[in-house]
Amino acid sequence: MKKTWLLAIVTAMILVVAACSKEEANPSDVDDTASTPPALLTLDTDVSYDAESKQLSTTVSMTNPNEEPVKVTFNSSQRFQMTVMNGDTTVFDYGSEYMFTESIIEETWEPGEKKVFDEVFPLTLEAGDYTVDFVGLAQVDGAPEMAVTDQQTLTVEAAEPPAEEGTSEEPAEEPTEEPTEEPTEEPTEEPSDQPAQTNGAFRDVAIKLNGNAIDVSGYTDVEEFEWSVSDGHNLYAQGAAEVTSGGFTFGVLLDEEPPAGKTLFLEMTPIGGDVASFRIQ
């Protein structure tokens, strides 16, 4: 009888050990099929200021660092945000002071694809040190929702005072011969011809400005596009144009002639495509 009970106990222990071994041999619950999310676009920037022309020039480069194509979305035609700071004071806010089309732009960026956005802004900066903050506005499908930023520093030198007249002690030489006065012809106003520009889907775009009339011509592979003329704050005109045999020509008549020195931009957007910006004056 004692041997029977001992055999039963040993058999039970063997079954428990076997069950534990079988449980430990089960694979883990980790999902081996989970993939790594794509990385955000990288952001490289450069900025400079021309005190004589009072213009701020920026270059913003975005690159797809992934080894696979990614879907990139912009919620408007604004590709990046830029803020110019003098200490704690904001002296220029790109997103607030300029207007953008609000159509959602969806693009597919190939591995290593890089796009460069050059912009020039009329801006008066006093002498001093500035910081320029950039934020990329591209959203990559499947990537973490976080901002990609960059910062540049900018120093504006004080303008040199003009040289005072009459400080030289040497007597001025008198001319030996009086110049013959010839009547000067009044310059006739010629249309403003800008060099041909290429951007995005549009090639060899020629823009002629004459008063409040603008003539535009160029080439593209798209069939139809929308256009608008603005100075970044005010919209002067907008419309649509069709393409014939790869070329296009259209005229713009503004309600009023823009003020002298005012920078105008022509934006052309293919249906469902990317915005291309061209400087008029």
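With R₀ set to 51 Å, the beta-carbon distance separating residue 123 from residue 35 gives a calculated FRET efficiency near 0.70. Separation of the stretch 98-167 and the stretch 36-65, taken as the distance between their Cα centroids, equals 6 angstrom. Of the whole protein surface, residue 277 contributes about 40 Å² of accessible area at a 1.4 Å probe radius. The label point for residue 93 and the one for residue 71, both projected 7 Å from the Cα toward the Cβ, are 3.2 nm apart. Plainly put, the stretch 234-281 has a radius of gyration that is 0.99 times its Kirkwood radius, both from alpha-carbon atoms, as the Rg/Rh ratio.
For the stretch 32-109, treating each Cα as an identical point scatterer without solvent, what Debye log10 I(q)/I(0) comes out at q = 0.20, 0.22, 0.25 1/Å? Result of the Debye calculation: -1.07, -1.17, -1.29. Using a simple spin-label model with pseudo-atoms 7 Å out from Cα toward Cβ, residue 213 and residue 257 lie 1.3 nm apart.
Provide the FRET efficiency to the nearest 0.05 for the residue 234-residue 158 pair, computing r from the beta carbons and using R0 = 22 Å. With a Förster radius of 22 Å, E is 0.10.
The values are calculated or read from the model by the stated rules, or taken from the named source; none is laboratory data. Treat the numbers as computed from the prediction; the structure is a model and nothing was measured. In this analysis, Cβ positions are derived from the backbone assuming ideal geometry, glycine residues included, and neighbour counts consider all displayed protein chains. SASA here: full protein model, heavy atoms, side chains in, ligands and nucleic acids out. Shrake-Rupley method; radii C 1.70, N 1.55, O 1.52, S 1.80 Å.
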